[in-house]
Amino acid sequence: MDYRTVLIIGGGAAGMMCALRLADAGICDVAILERNDRLGKKLSATGNGQGNITNSDMDAGHYCTSAPKTVAEILNAFGKQDLLSYLTELGGCFAEGDEGKIYPSSFQAASVTDIFRFALQKRKVEVKTGERVLQIGRNENGFIVTTDKGKYASAYLVLASGGAAAKHFGTDGGGYEHAKSMGHSVTQLFPALVRLKTERDKIKGLKGVRCAVEARLENNKDKSFRGDVIFTDFGIGGNIAYKLSSYAKSGDSVLLDFLPFTDREGLCSLLANKARNYPEMPAEDFLRCVVHSAVAKAILNACGIPVSTKCSHLQKKIEEIVRQIKGYRLRIEGNTGFDDAQVTKGGIRMEEVDENLMSRIVRGLYFAGEILDVDGECGGYNLQWAFSSGARCAAAIAEAIANENR
């Protein structure tokens, strides 16, 4: 049976960061067990393949978790600037894009995976790809990990095997079952950063339309987001849908503001003048150069206004039209599920780990990344959590080993 001081299950962002930080601390007897044929498969696809690794507005308020103080502490200990400095030392160059999103200057997510791979090779960290973990157990000396190719023993074990979202990346939720076998419990799991299904009548004719909007959930007015919405035949996509999905539930309603930079009073005045100046204009042309023509038809339909109605008859409808432009309501009827999601909402209960992400149930067992009950908004927050939590586990294990050797 092969023995390692530390075994890391999962070669994604969290697992690779943990292994590198352990090697930096002089702990080289480390092995990564990765079920895919290469490391960082999901990392290489992040940010639509461009590699949105973090965000300039890095704050714990962008995360959903039952332990915000712990999350904030871990983010502060290895935050955005720590991450960028570290990746720059590894040979990367990074630039800020829109909405504070930070990318490699190559705008290739795979290049971030590459610099991790190069660094792991340089530090001679052992990587076992194409090896699926079947079972984990304990004995008097530590952990026993059984894979489809052999058995390993270790003093410390890090579960960084991801969540249940995007199974094509190898994240099928197996890590949760391994955690349960060690006595841990898992919260209810939901897809996050996922497209939303909505009522169909109010999106008829909008498929393929992309608009810059501000959106908020009707029952959660504190959460307001700006970005692109892309209408589909079943609902909405785009970064607005991904941002809303962390908070939206079936039965909620989302309000879309198609003119977030225009106030209601100014818009009412503009449209009233237009109706007076073009009394014979049909309603289907009334909102041209105001909103997308397909959106205009949807708004008129929501107001009960036939497209043939002349503008001379619209004066009493101006306020209602503006209400629809500034707050087009869509009822949410679900989402497109885990296979379409980028992240899992929920996971290993945070009260079952300490401030170093070590299990309170099994000493020497650590958790990093998406497997925990922590999920971030769209914009690089989930990758930052993966890197920060991986670094946290490494620091704690390195300290524990140092204490043992004193």
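The values are calculated or read from the model by the stated rules, or taken from the named source; none is laboratory data. Bear in mind the structure is a predicted one, so any value in this text is a computation, not a measurement. Cβ atoms come from the backbone with ideal geometry, glycine included; neighbour counts cover every protein chain shown. The area values use the complete protein model at the heavy-atom level, side chains included, leaving out ligands, DNA and RNA. Shrake-Rupley method; radii C 1.70, N 1.55, O 1.52, S 1.80 Å.
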Q | Residue match in segment 103-111 (condition: among the aromatic types (Phe, Trp, Tyr) and under 26 Å from Cys64 (Cβ atoms)) | A | yes
Q: Say whether the condition of being over 21 Å from Gly379 (Cβ atoms) and either modelled with pLDDT of 95 or more or of a type in the set (Gly, Ala, Ser) (or both) is met by at least one residue in segment 78-88.
A: no
Q. Where residues in segment 21-34 are surrounded by fewer than 22 Cβ atoms within 10 Å (Cβ to Cβ), part of a loop (DSSP other than H, G, I, E, B) and touching a strand residue (DSSP E or B) at 6+ places or on another chain (Cβ under 9 Å), which of them is modelled with the lowest pLDDT?
A. Cys28
Q. Within segment 187-230, can you find the residues that are over 18 Å from Thr262 (Cα atoms) and of a type in the set (Gly, Ala, Ser)?
A. Ala192, Gly205, Gly208
Q.
Checking the condition touching a strand residue (DSSP E or B) at 6+ places or on another chain (Cβ under 6 Å) and either in a strand (DSSP E or B) or over 13 Å from Glu370 (Cα atoms) (or both), which residue from Lys221, Lys197 passes?
A. Lys197
Q. Given the structure, is Glu370 of a type in the set (Asp, Glu), open to solvent by 10 Å² or more (accessible area, probe 1.4 Å), closer than 30 Å to Tyr278 by Cβ and touching a helix residue (DSSP H, G or I) at 6+ places or on another chain (Cβ under 9 Å)?
A. no
(Q) Could you go through segment 58-78 and let me know if any residue there is under 30 Å from Lys151 (Cα atoms), part of a helix (DSSP H, G or I) and either among the aliphatic types (A, V, I, L, M) or over 20 Å from the mean Cα position of the chain (by Cα) (or both). (A) no
Q: Scan the strands (runs of 3 or more DSSP E) fully inside segment 228-346 and keep the ones with 1 or more residues being more than 19 Å from Lys202 (Cβ to Cβ), open to solvent by less than 20 Å² (accessible area, probe 1.4 Å) and among the β-branched types (Val, Ile, Thr).
A: 343-345
Q) Exactly one of (1) more than 24 Å from Thr129 (Cα to Cα); (2) in a helix (DSSP H, G or I); (3) touching a residue at least 40 places away in the same chain (Cβ under 8 Å) is unmet by Cys18. Its number? A) (1)
Q: With respect to Leu206, determine if the residue is open to solvent by less than 20 Å² (accessible area, probe 1.4 Å), in a loop (DSSP other than H, G, I, E, B) and in contact with a strand residue (DSSP E or B) (Cβ under 9 Å, 6 or more places away or on another chain).
A: yes
Q | Members of segment 228-261 found to be in contact (Cβ under 8 Å) with a residue 40 or more places away in the chain and more than 21 Å from Gly334 (Cβ to Cβ), listed by number | A | Asp257, Phe258, Leu259, Pro260
Q.
Let me confirm something: among His168, His184, His178, which residue is out of contact with any helix residue (DSSP H, G or I) (no Cβ under 7 Å at 6 or more places or on another chain), open to solvent by less than 50 Å² (accessible area, probe 1.4 Å) and not in a strand (DSSP E or B)?
A. His178
Q. How many residues are open to solvent by 70 Å² or more (accessible area, probe 1.4 Å) and at negative phi if we restrict to segment 83-122?
A. 10
Q. Of the numbered conditions (1) within 22 Å of the chain's Cα centre (by Cα); (2) at pLDDT 95 or above; (3) of a type in the set (Val, Ile, Thr), Thr46 satisfies every one except a single condition; which is it?
A. (2)
Q.
Please determine whether any residue of segment 391-402 is open to solvent by less than 30 Å² (accessible area, probe 1.4 Å), over 30 Å from Gly137 (Cα atoms) and touching a residue at least 60 places away in the same chain (Cβ under 8 Å).
A. no
Q: Would you confirm whether any residue within segment 146-165 is in a helix (DSSP H, G or I), under 29 Å from Tyr63 (Cα atoms), modelled with pLDDT of 95 or more and open to solvent by less than 50 Å² (accessible area, probe 1.4 Å)?
A: no
(Q) For Ala212, only one of the following conditions fails: (1) buried (at least 17 other Cβ atoms within 10 Å of the Cβ); (2) touching a residue at least 40 places away in the same chain (Cβ under 8 Å); (3) touching an Asp or Glu at 6+ places or on another chain (Cβ under 8 Å); (4) not basic (Lys, Arg). What is its number? (A) (1)
Q: Only residues that are among the small types (Gly, Ala, Ser) and not in a loop (DSSP other than H, G, I, E, B): list them for segment 104-131, please.
A: Ala109, Ala110, Ser111, Ala119
